[in-house]
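First comes the structure, then the notes that go with it.
The values are calculated or read from the model by the stated rules, or taken from the named source; none is laboratory data. Worth saying up front: this structure is predicted, and the values here are computed from it rather than measured. Backbone-built Cβ (ideal geometry, glycine too); neighbour counts: all protein chains shown.
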Amino acid sequence: MRDLVIVGAGPAGLTAGIYGKRAGLDTLIIDESGIGGGQVLTTYDVDNYPGLPGISGIELGTKFQEHAEGAGVEIMSTELTGIRLDGDIKRLDTTDGEIECRALIIATGATHNHLGVSGEEELAGMGVSYCATCDGAFFRNRVTAVVGGGDVALEDALFLARGCSKVYLIHRRDEFRGADKLVKAVEATDNIEIIYDSVVDSIVGDGQVEAINIKNVKSGETTNLSVQGVFIAVGTHPTTDYISDLVACDDKGYIIADETCVTNVPGIFAAGDVRTKKLRQIVTAASDGANAVQSAVDYLN
């Protein structure tokens with residue numbers, strides 16, 4: 001019987017592990033990969049984590065894990081297949097057997113939706129990004145493209161326009177789905193060029209993004225655009241399939257929880273990108289890890 005089990009070894013989960021040990025709790029982190037860092041590991045450079053500017057994603061993820069292990073946190077590589085409640089006890093079914101705990105923190109994160117086009121995976125971190133606020137600073141005075149039509153895509157285009165020489169905003173429909181205020185702001189920004197009714201057909205580059213091929217969905221006409229960065233903003237999906245029938249989630253599948261990380265099920269908490277929140281960043285995930293443990297301690301007491 002563990003005091004606390006944390007599912008997920010990203011920044012939220014590893015921070016929760018550190019705080020759990022500092023609180024004197026018998027703490028276990030389980031993660032399918034067994035490698036700490038989560039989405040951080042796919043980020044080429046991290047320039048916005050306080051105190052560590054310019055650190056690579058792999059280095060930062062490694063530091064998170066080393067810190068947790070140095071604090072005495074046990075990290076177990078196993079796959080979670082189900083969660084059951086037995087009174088106040090949470091029973092976790094894994095590929096390595098059952099684990100019991102009194103408090104449970106879900107920190108399995110969210111995954112950015114991909115376009116699924118040629119060059120996307122090959123150039124990830126080499127000009128292909130899913131986070132403008134994370135990576136936009138690396139493209140100052142360069143030409144970039146944003147793909148998407150919702151609030152995030154519009155906000156990304158406006159954010160990038162502050163530092164990029166030009167921003168193409170590519171949307172598959174003839175009107176945006178985002179807030180009217182954002183649409184008007186984009187339309188009024190001189191260095192943003194909107195390309196409607198178009199999709200990205202492929203991303204081109206030799207070790208670095210050099211161009212994108214786009215296709216007009218109405219005419220079938222193809223165009224090659226020279227860009228140095230492509231920011232894909234077509235949504236995210238949380239990793240909550242195994243628990244969505246147990247805790248309350250919103251219509252997109254994110255676990256409903258505020259900054260306390262408390263869910264509707266006593267003793268179960270949600271931290272990091274997996275919960276409902278406005279900003280999903282490394283620093284906010286780490287903050288959630290600390291808050292979730294404080295809530296868990298209150299619950300256990």
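Could you check segment 20-29 and list, in sequence order, the residues that are buried (at least 24 other Cβ atoms within 10 Å of the Cβ) and in contact (Cβ under 8 Å) with a residue 60 or more places away in the chain? Please lay out each step first, then the result.
We begin by selecting, within segment 20-29, every residue buried (at least 24 other Cβ atoms within 10 Å of the Cβ); these are 20, 27, 29.
Passing the criteria: only 20.
Residues that are assigned to a loop (DSSP other than H, G, I, E, B) and of a type in the set (A, V, I, L, M, F, W, C) within segment 50-80 comprise 52, 71, 73, listed in sequence order.
Check 217, 167 and return the single one that is in contact with a strand residue (DSSP E or B) (Cβ under 9 Å, 6 or more places away or on another chain), closer than 26 Å to residue 138 by Cβ and of a type in the set (A, V, I, L, M).
Working: 217 fails: closer than 26 Å to residue 138 by Cβ.
Checking each option against the conditions leaves just 167.
Only one residue in 119, 148, 127 is at positive phi, modelled with pLDDT of 95 or more and touching a Ser or Thr at 6+ places or on another chain (Cβ under 6 Å), so which one is that? Outline the logic, then answer.
Details: 148 fails: touching a Ser or Thr at 6+ places or on another chain (Cβ under 6 Å); 127 fails: touching a Ser or Thr at 6+ places or on another chain (Cβ under 6 Å).
Step by step, each of 119, 148, 127 is checked, and only 119 is at positive phi, modelled with pLDDT of 95 or more and touching a Ser or Thr at 6+ places or on another chain (Cβ under 6 Å).
Each residue in segment 53-79 was checked for being crowded, with 18+ Cβ neighbours inside 10 Å and among the small types (Gly, Ala, Ser), and 3 of them qualify. Across segment 40-49, the qualifying residues are those that are touching a strand residue (DSSP E or B) at 6+ places or on another chain (Cβ under 8 Å) and not in a loop (DSSP other than H, G, I, E, B), and the one among them that is nearest to residue 123 (Cα to Cα) is 42. Look at residue 204 and say whether it is surrounded by 21 or more Cβ atoms within 10 Å (Cβ to Cβ), touching a strand residue (DSSP E or B) at 6+ places or on another chain (Cβ under 6 Å) and not small (Gly, Ala, Ser). So residue 204 fails the test. Could you tell me how many of the residues in segment 246-278 are surrounded by 23 or more Cβ atoms within 10 Å (Cβ to Cβ), among the small types (Gly, Ala, Ser) and in contact (Cβ under 8 Å) with a residue 60 or more places away in the chain? Within segment 246-278, residues that are surrounded by 23 or more Cβ atoms within 10 Å (Cβ to Cβ), among the small types (Gly, Ala, Ser) and in contact (Cβ under 8 Å) with a residue 60 or more places away in the chain number 3. Determine whether segment 277-289 contains at least one residue that is within 25 Å of residue 81 (Cβ to Cβ) and not small (Gly, Ala, Ser). Yes: one or more hits.
Has segment 279-292 got at least one residue that is surrounded by 15 or more Cβ atoms within 10 Å (Cβ to Cβ) and in a loop (DSSP other than H, G, I, E, B)? There is at least one residue in segment 279-292 that is surrounded by 15 or more Cβ atoms within 10 Å (Cβ to Cβ) and in a loop (DSSP other than H, G, I, E, B). Selection of segment 217-240 for residues being surrounded by fewer than 15 Cβ atoms within 10 Å (Cβ to Cβ) and part of a strand (DSSP E or B) yields 222, 223, 224, 226, 237.
Can you say whether residue 243 is under 20 Å from the mean Cα position of the chain (by Cα), of a type in the set (A, V, I, L, M, F, W, C) and surrounded by 15 or more Cβ atoms within 10 Å (Cβ to Cβ), as far as the supplied structure shows? Steps first, please.
Details: under 20 Å from the mean Cα position of the chain (by Cα): yes; of a type in the set (A, V, I, L, M, F, W, C): yes; surrounded by 15 or more Cβ atoms within 10 Å (Cβ to Cβ): yes.
So residue 243 passes the test.
Against the definition (of a type in the set (Asp, Glu), within 17 Å of residue 131 (Cα to Cα) and surrounded by 14 or more Cβ atoms within 10 Å (Cβ to Cβ)), how does residue 47 come out, yes or no? Spelling it out, residue 47 is indeed of a type in the set (Asp, Glu), within 17 Å of residue 131 (Cα to Cα) and surrounded by 14 or more Cβ atoms within 10 Å (Cβ to Cβ).
Identify, please: which residue in segment 106-136 is among the aliphatic types (A, V, I, L, M) and under 17 Å from the mean Cα position of the chain (by Cα) and is, among those, farthest from residue 289 (Cα to Cα)? Before you say what the answer is, go through the steps one by one.
Keep residues of segment 106-136 that are among the aliphatic types (A, V, I, L, M), which gives 106-107, 110, 115, 117, 123-124, 126, 128, 132.
Next, only the ones that are under 17 Å from the mean Cα position of the chain (by Cα) stay: 106-107, 110, 115, 124, 128, 132.
Numbers: 106: 10, 107: 8, 110: 15, 115: 30, 124: 27, 128: 28, 132: 23 Å.
Among those that are among the aliphatic types (A, V, I, L, M) and under 17 Å from the mean Cα position of the chain (by Cα), it is 115.
Tell me whether segment 30-38 contains one or more residues that are part of a loop (DSSP other than H, G, I, E, B), loosely packed, with under 15 Cβ neighbours inside 10 Å and of a type in the set (S, T, N, Q). Within segment 30-38 (the criterion being part of a loop (DSSP other than H, G, I, E, B), loosely packed, with under 15 Cβ neighbours inside 10 Å and of a type in the set (S, T, N, Q)), the answer is yes, since at least one residue qualifies.
Mind telling me which of the residues 80, 104 ends up being at pLDDT below 95, within 30 Å of residue 298 (Cβ to Cβ) and of a type in the set (A, V, I, L, M)?
Details: 104 fails: at pLDDT below 95.
Testing whether each residue is at pLDDT below 95, within 30 Å of residue 298 (Cβ to Cβ) and of a type in the set (A, V, I, L, M) leaves just 80.
As a summary of the residue check, residue 83 satisfies the conditions (1) surrounded by fewer than 16 Cβ atoms within 10 Å (Cβ to Cβ); (2) part of a strand (DSSP E or B); (3) of a type in the set (A, V, I, L, M, F, W, C) except for the one numbered (1). Against the conditions (1) in contact with a Cys (Cβ under 6 Å, 6 or more places away or on another chain); (2) assigned to a loop (DSSP other than H, G, I, E, B), residue 295 satisfies every one except (2).
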